[in-house]
Amino acid sequence: MEQCYSSEQLLSFCQALLYAVGVPEGEAKIVASVLVDTSLDGIDTHGISRLSIYLSRLQNGRINAKPFIQIKKDGAIASIDGDNGLGQLVAVRAMELGIELAGVHGISFVSVNNSNHFGAASTYCKMAAKAKMVGQAYTNSPSGIAPWGGKRPYFGTNPISYGFPHNDNSVIIDMSSSTVARGNIILAAKEGRSIPEGWAIDKDGNPTTDAKAALDGAVLPVGGPKGYALALAVEVMSGILSGSAYGSHVGWIYDDGTEPANVGHSFMVLDIKRLMPIEEYEQRMNHMIQEIKEIPLANGAKSIRIPGERRQSIACERTTKGIPITRSLLTELNQIAKEIGVNPLECCGMK
């Protein structure tokens, strides 16, 4: 059972919950906006469904509700210490800085350490694309992928995302180094569902469809050894270069540990105007996309989609009909709201 709510309803509710556990009002709005926008795009595994664990870790001090984010700049390159703040807040600040530096230098690179899970990498690439720039985002994450040939996880699912401006929308590429984002398995375990074959192995290295066994084992890399190589590259970009934790040293906020996760990110931004006029870029993009769309369909295919189109379609539908929230998630968040003195999210939702 699901109930749909408007973005405004959910933004107000999420912001109130974050504020109630100590996140300053303006910063709570930034994080809530990222969570709601992610769910609006249909990426439910990385949106509002993650709020309850963030609230828990803010309450027990494992995530810093009021971080002092420190920035060091050296020309087009910058490094950020997130002071163990919420990943969404730290990442938004990092991409804002990346866009600013790219505007001055034409290109920028921003590394981040001492952060936390930042949700969907596409969020930050959309920021760059909106500024008519090309954006890249990388992040490491708790061990989930075994190196090719091994049965014990070492690398995280380590996503990489690109954002390219395209008219009023963006071409967004967002993919993890694993066959599937670990958030899908976490959500399946939480809801008591099985997972498809080929997603993961258990702790003994055997294929499994049991979500909980998969969390104790490892997610399989996408494309076999190619996915393993991609995971390693992302680990260097976001973990090694940033000075954050890497590999099996990255913390997982779903366990009972008390140490900061120390997740690392990195962001690259390119100002297109340094290469060609935006109008010329748009014309070339439009022509390429038109040619792609005109390619004859394979048997059984209904259409050829450009990366990001499905999210835009879902966002349009959910803007009108509302964002669906499962009954279990609604119950969980309303229970937390009751405990911290926040008005619950009404069960009626959108009418």
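Read the figures in this text as sums done on the coordinates, not as results from a lab. These numbers were taken from a predicted model, which means no experiment stands behind them. Note that each Cβ is placed from the backbone with ideal geometry, even for glycine, and that neighbours are counted across all protein chains shown.
Below is a table of values for the structure above.
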{"item": "Radius of gyration and Dmax over the Cα atoms of region 105-250, both given in Å", "result": "15.9, 50"}
{"item": "Flagged links, alpha-carbon separation over 23 Å, of LYS29/LYS338; LYS190/LYS338; LYS130/LYS321; LYS29/LYS66; LYS29/LYS212; LYS151/LYS226", "result": "LYS130/LYS321; LYS29/LYS212"}
{"item": "FRET efficiency, 1/(1 + (r/R0)^6) with R0 35 Å, evaluated for LYS226 and ASN167 via beta carbons", "result": "0.60"}
{"item": "Reach of LYS293 by Cα under 19 Å, taken over lysines that are not fewer than 8 positions away in the same chain", "result": "LYS302"}
{"item": "Förster-model FRET efficiency, 25 Å R0, LYS130 and LYS321, C-beta, rounded to 0.05", "result": "0.55"}
{"item": "Cα coordinate range in region 265-314, projected on the principal axes (Å, largest first)", "result": "42, 31, 17"}
{"item": "Value in Å of the Kirkwood radius, where region 283-344 supplies the Cα pairs that are averaged", "result": "15.6 Å"}
{"item": "Calculated on alpha-carbon atoms, Rg and Dmax of region 240-332 in Å", "result": "21.6, 55"}
{"item": "Extension gain, LYS302 back to ILE77 (0.36 nm per residue minus Cα-Cα distance, nm)", "result": "76.6 nm"}
{"item": "Set of region 157-188 residues, backbone N closer than 13 Å to the point 7 Å along the Cα-Cβ line of ILE289", "result": "164-173"}
{"item": "Lys/Arg +1, Asp/Glu -1 at C-beta; the chain dipole; positive extreme among PRO296, THR139, LEU329", "result": "PRO296"}
{"item": "Sorted largest first, extent of the chain alpha carbons per principal axis (Å)", "result": "55, 47, 47"}
{"item": "Stretchable slack from THR331 to ARG274, in nm (0.36 nm times residue separation minus alpha-carbon distance)", "result": "15.5 nm"}
{"item": "Cβ-defined net charge surrounding LEU187, 15 Å radius [Lys, Arg +1; Asp, Glu -1]", "result": "+1"}
{"item": "Size of charge dipole - region 13-150 - debye, nearest 20, with Cβ of Lys, Arg +1 and Asp, Glu -1, no other charges", "result": "40 debye"}
